[in-house]
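Visitor: Below is a structure I'd like to ask you about.
The values are calculated or read from the model by the stated rules, or taken from the named source; none is laboratory data. On a predicted model such as this, the values are computed, not experimentally measured, just so you know. Note that each Cβ is placed from the backbone with ideal geometry, even for glycine, and that neighbours are counted across all protein chains shown. With ligands, DNA and RNA removed, areas are computed over all heavy atoms of the protein, side chains included. Shrake-Rupley method; radii C 1.70, N 1.55, O 1.52, S 1.80 Å.
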Amino acid sequence: MGEAFAFPVEEALEMILVFHATGIISYANAAARKKLGYEKMEPEDGLTGRHISDIFPNTFKVTEDGFEAEEPLEEEPGNLVMYRKNLTCFPVEAKIVRACTGDYICMANDILEREHLGREIGYVREEAQQAAKAKSEFVANVTHELRTPVNGILGNVRELLSDVKDPHTLKALQLIERCCGDMNKIINNILDFSKLDAGKFTLEIREFCVRNMLDYVKAQHIGKMTEKGLDFFMTVSPQVPEYVLGDELRVVQILNNLLSNALKFTSVGKITVQVLKTAQVKDKAELFFIISDTGIGIAEEDRDKLFQSFSQVDASISRKYGGTGLGLNICKQLVELMGGTIEVESRKGRGSVFSFSIWVGAGREEQSCQAPDDIEAVYRRMALPADTGTVKQEETKAYGTAGNQEAMRKILSKLILCVEMENWEKAEMFMETVRQLTEEAPPEIKRMVLKLKMAIQKEDYDKVIAEYGRLYHDSLDSG
Ligand code: ADP
């Protein structure tokens, strides 16, 4: 046997035997010696020197000039029975080939051991799957449980905010409102992350106006940028189409995430957003977004772990700036769902440039899209899924009018249908529309809406039915 192969063959997990045309075994590797019970290598005790029919008595017969196989030796592995030194036997899958030297080489695997190993792997895999399922169910439950009290606090605080006059109390309530908002963002991030992680995330593709979307993103950040004394520029290349097909909310989410980070980690200088069209294949266009800041930057050795989940550059940064380390991972997964990639370039102390690409479909070919008067309101409404019966802005009538009553009736009946079908997620979406429709309602109706919302979030069927009945009666029948 060649020197180069001696070690791998000797140490192989498979049993390997080499035997002569006379049937005399000339070599047995460690696995064969061990499994067949010939651990010692002395000739009188060892495997070498024995006849192959001692090991495979059912397969080979001793003949005058060597051995005879019961069945012709095949190229493919076959099932044989191997005998140990103590004459016990076990099934193997074996392949016997004739080498160019004229010797035979037998390679064999213990079938029972392999099956056992296969079963073990199966158990381990099953356990891992169960653990992963339990983990994601736990995360989903905890986040769900957290949403209920946070929204409970938020709803009540918002209600109080309109009545409170004392500036000290007002400031405290505004702080609580902001904290609840931050908590909601974290909870939503965790929910998005677990959906993406479980492969249960789907994009909602519809037509949108790129420039309006960017205006909305800008409007969300400009206040804080100015507060911090930072310059903020946004440029859109003329080649970028007006209307495209894509998941607008998720593009907004990625931009918001990158801009919030830029804002968080920059104390002087400027933050810029650039949008370009970098490719066109048939009716699909590649849009390229560049978000740069003059902030603290990221060291080269830390850049690789940035897009991993739960990863922050270092503990001192997270202590100082906060965050869960999920944002960039969510961005990466969303960008990849949109067929693109996300990258970062940065110099420590000088700033960072995050860039990402996405593919979008062609929208209508209009020259320019009109920005709505209240862009924020339109986008708030848009945050609801398309087919949930969301009432469009123009259809929304002041609380208590016939139009409003009709819209409420429709949406409440859809909502209760979802509850009957235990589709809590969709029920929550309809609930958001109910909340919008009752924005101008008297406080007692608003309180009912809040109670119904909390019951839905708790997935408490009986309570939902009770609260629903009350709300339906008070907001419609008496209306
Ligand atoms: P987090 O929610 O903690 O901000 P991210 O995934 O968004 O999580 O960011 C992970 C880490 O990447 C941050 O904690 C920070 O250390 C680093 N990072 C992200 N963006 C920037 C940036 N613009 N400048 C400097 N560091 C950044």
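Visitor: Has the stretch 326-334 got any residue that is in a helix (DSSP H, G or I), open to solvent by 60 Å² or more (accessible area, probe 1.4 Å), of a type outside the set (S, T, N, Q) and at pLDDT 90 or above?
Guide: So the first thing to find is which residues in the stretch 326-334 are in a helix (DSSP H, G or I), and the list is 327-334.
Then keep just the ones that are open to solvent by 60 Å² or more (accessible area, probe 1.4 Å); that gives 332.
Those still in the list that are of a type outside the set (S, T, N, Q) too: 332.
Pick out the ones that are also at pLDDT 90 or above and you get 332.
Yes: the stretch 326-334 contains one or more residues that are in a helix (DSSP H, G or I), open to solvent by 60 Å² or more (accessible area, probe 1.4 Å), of a type outside the set (S, T, N, Q) and at pLDDT 90 or above.
Visitor: Go through the stretch 210-230 and give me each residue that's closer than 30 Å to GLY361 by Cβ and charged (D, E, K, R).
Guide: Selection gives ARG211, ASP215, LYS218.
Visitor: As an exercise: evaluate ASP197 against (1) within 30 Å of GLY349 (Cβ to Cβ); (2) within 16 Å of the ligand (Cβ to nearest atom); (3) acidic (Asp, Glu) and give the number of the one condition it does not meet.
Guide: (1)
Visitor: Continuing with the same structure: Does the stretch 274-296 contain at least one residue that is assigned to a strand (DSSP E or B), within 12 Å of the ligand (Cβ to nearest atom), open to solvent by less than 50 Å² (accessible area, probe 1.4 Å) and more than 16 Å from THR226 (Cα to Cα)? Don't jump to the end; show me each part of the working.
Guide: Step one: of the stretch 274-296, the residues assigned to a strand (DSSP E or B) are 274-281, 284-293.
Then drop every residue that is not within 12 Å of the ligand (Cβ to nearest atom), which leaves 291-293.
Checking which are open to solvent by less than 50 Å² (accessible area, probe 1.4 Å) leaves us with 291-293.
Narrowing the set further to residues that are more than 16 Å from THR226 (Cα to Cα) leaves 291-292.
Within the stretch 274-296 (the criterion being assigned to a strand (DSSP E or B), within 12 Å of the ligand (Cβ to nearest atom), open to solvent by less than 50 Å² (accessible area, probe 1.4 Å) and more than 16 Å from THR226 (Cα to Cα)), the answer is yes, since at least one residue qualifies.
Visitor: Out of curiosity, is ILE222 in a helix (DSSP H, G or I) and open to solvent by 50 Å² or more (accessible area, probe 1.4 Å)?
Guide: Yes: the conditions hold for ILE222.
Visitor: Suppose we filter SER346, SER357 for residues that are crowded, with 17+ Cβ neighbours inside 10 Å, within 16 Å of the ligand (Cβ to nearest atom) and either under 30 Å from ALA279 (Cβ atoms) or at pLDDT below 85 (or both); which single one remains?
Guide: Working: SER357 fails: within 16 Å of the ligand (Cβ to nearest atom).
That would be SER346, the only listed residue that is crowded, with 17+ Cβ neighbours inside 10 Å, within 16 Å of the ligand (Cβ to nearest atom) and either under 30 Å from ALA279 (Cβ atoms) or at pLDDT below 85 (or both).
Visitor: Consider only pairs whose beta carbons are under 6 Å apart and that are at least six residues apart or on different chains; among these, list those whose first residue lies in the stretch 255-283 and is at negative phi and whose second residue is more than 9 Å from the ligand (Cβ to nearest atom) and in a helix (DSSP H, G or I).
Guide: LEU255/VAL217; LEU259/HIS221; LEU263/LYS224
Visitor: If you don't mind, there's one more thing I want to ask. Take the residues in the stretch 260-273 that are open to solvent by 40 Å² or more (accessible area, probe 1.4 Å) and within 9 Å of the ligand (Cβ to nearest atom); name whichever of them is nearest to GLN239 (Cα to Cα).
Guide: It comes out as SER260.
Visitor: Now a separate question. Here are some residues: VAL97, VAL142, VAL81. Which one is touching a Pro at 6+ places or on another chain (Cβ under 8 Å), β-branched (Val, Ile, Thr) and surrounded by fewer than 16 Cβ atoms within 10 Å (Cβ to Cβ)?
Guide: One residue alone meets the criteria, VAL81.
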